[in-house]
1. Taking the Cα centre of the chain as origin, work out the dipole magnitude from +1 charges on Lys and Arg Cβ and -1 charges on Asp and Glu Cβ, in debye rounded to 20.
2. For residue 440 and residue 475, what does the FRET efficiency come to when R0 = 22 Å and r is the distance between their Cβ atoms, rounded to the nearest 0.05?
3. Tell me the label-point distance for the pair residue 267, residue 386, using the 7 Å Cα-to-Cβ offset, in nm and rounded to one decimal.
4. Give the lysines whose C-alpha is closer than 20 Å to that of residue 453, dropping any in the same chain fewer than 8 places away, or say none.
5. I'd like the projected area of region 212-308, averaged over all directions, using the convex hull of its alpha carbons. Report it in nm² with one decimal.
6. Can you divide the C-alpha Rg of the chain by 2.2 N^0.38 Å and report the result to two decimal places?
7. Points 7 angstrom from Cα along the Cβ direction at residue 206 and residue 61: gap in nanometres?
8. Have a look at 128, 227, 190 and report the one farthest towards the positive end of the charge dipole of the chain, computed about the Cα centre with Cβ charges (Lys/Arg +1, Asp/Glu -1).
Amino acid sequence: PQKGEKMKTALAQVRLKTGDFEFNFNSIIEAIDEADCADCDLTILPEIDPADLGAKDLCMDEYCRAEQENLYRRIADKASGKTVLLGNILIKGGMVLSSPDGFFEINGRKIFVSDEYHENEACDLYVLAKNRYFVMDSDLEFIESIHTKSDFVYVNAVCQADENIYAGGSFAKNPRNELVFQAPLCKKDVRVIDFTSAAVFEDEPVEQQIIDVTTFALREYCENTGFKRVILGLSGGIDSALTAALAVKALGAQNVLGILMPGMYSSQGSIDDALSLAQNLGIKTEKHPITPLFENFMEKIAHERCQDLAEENLQARLRALILMFFSNRNDRLLVSTGNKSESAMGYGTLYGDLAGGFNMIADLTKTNVYRAANYINKSGEVIPQATINKAPSAELSPGQKDNDSLPEYAVLDDIIEMYIEQSRPHEEIYEKYGKALVDDTIKRIYRAQFKRKQCGLGVRLTERSFCCGVNLPVAQRFYC
């Protein structure tokens, strides 16, 4: 650009994979070429170092580090003659450059790159390059936390990092602190930034955010681990119904198999609801009753019926046995269906309904499960209304209902959110729900930690998730 002209800048929100250097190379070069077609002076991409893509201790592997250095070199060779920022690494003139203070001069402009925001940094363009994991309904607050007096770009990757999802949502602001660009969630987007034209923040409903992120996470997990198909148990309940609907949205109906496993206490309504769901989604089902297996176990091994917790858990474990058998035989990923409310209370059976390799709704309270289910149904019934309307039940004993052993979900979820997600003082929660109920709930949260330690991978959707962000001790005497 001539002196006094704006530098033509492209923001490239790209899809990346932890440790897949060939995929990342192709994704980055494709974005650079797309920006080059628009005759840009500078292309800004996210951080691509494995440590910044959730590689954990993989980034300490010497071969992994060598591949990363080689990746920068390959990009510089391929993008010779172009100017590219990859996080805090500058590719220019075929060279790989870094700056100890974060400042670069590009075409006479002073560019500052940082992984955190400093409000009074003097520069022509501020680049905030930090892959930020997704937290639902937090984008507007993040955008409004930036008060810039220069051109400003925030760039985020689109990538699964185990529990954490880098979901994009990159944006740009001008020196008047006006939003000028906002990228979508979980999608590649290469855009030339017009810093002169203000944009309106697109406030996507939180339910749509949940759908976008959880379905992206399942697709990425399957692609990264080699699975092409999934299997899950269909109970006729809301959790398995939402999980099935999300799985279909992620992978297509042809890649989802639902297994019905009615037991001696399963209602005909639950069976009918599960079949209606499968028909609405277009997925195949199989039906394998567990009653014969249960009765054989009682006769040959237990030798007596006691109607106790062991028998309830046995039903759940027989179902897991069936699911894991077909998972192994047909090379299908078993997706589990427990929600955050149940997880908090330990309301699940180890090696039973908690079995599975991936859980899309692990960080959704029961209240948010219902919100997402109703949102999916807004254009027509997908999840049967009977499933949404009926009282939740594990159906492991006659007439059993969740609220026989749990507080009402509206109350429970509010306590979980106040205590776990918001870290509110005990006295504040006592004022709302009473000391006895709150203390009992908190005690149960701690006592269930041993179960959560043995669960499969889940998708983090909140800042304080049991998947990541909450680290309670298993063996402790404070809450016991």
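Only the coordinates and a few stated rules stand behind these numbers; no lab work does. What you see is a predicted model, and the numbers here were worked out from it, not measured in a lab. Every residue, glycine as well, gets a Cβ built from its backbone with ideal geometry; the counts of neighbours run over all protein chains shown.
1. 820 debye
2. 0.60
3. That separation, rounded to one decimal, is 0.9 nm.
4. Excluding near neighbours in sequence, the set is 56, 340, 443.
5. Taking a quarter of the hull surface, the average projection is 7.8 nm².
6. Values: Rg = 25.3 Å, N = 480, 2.2 N^0.38 = 23.0 Å.
That ratio works out to 1.10.
7. Reported label-point gap for residue 206 and residue 61 is 3.8 nm.
8. Projecting each Cα onto the dipole axis, the largest value belongs to 227.
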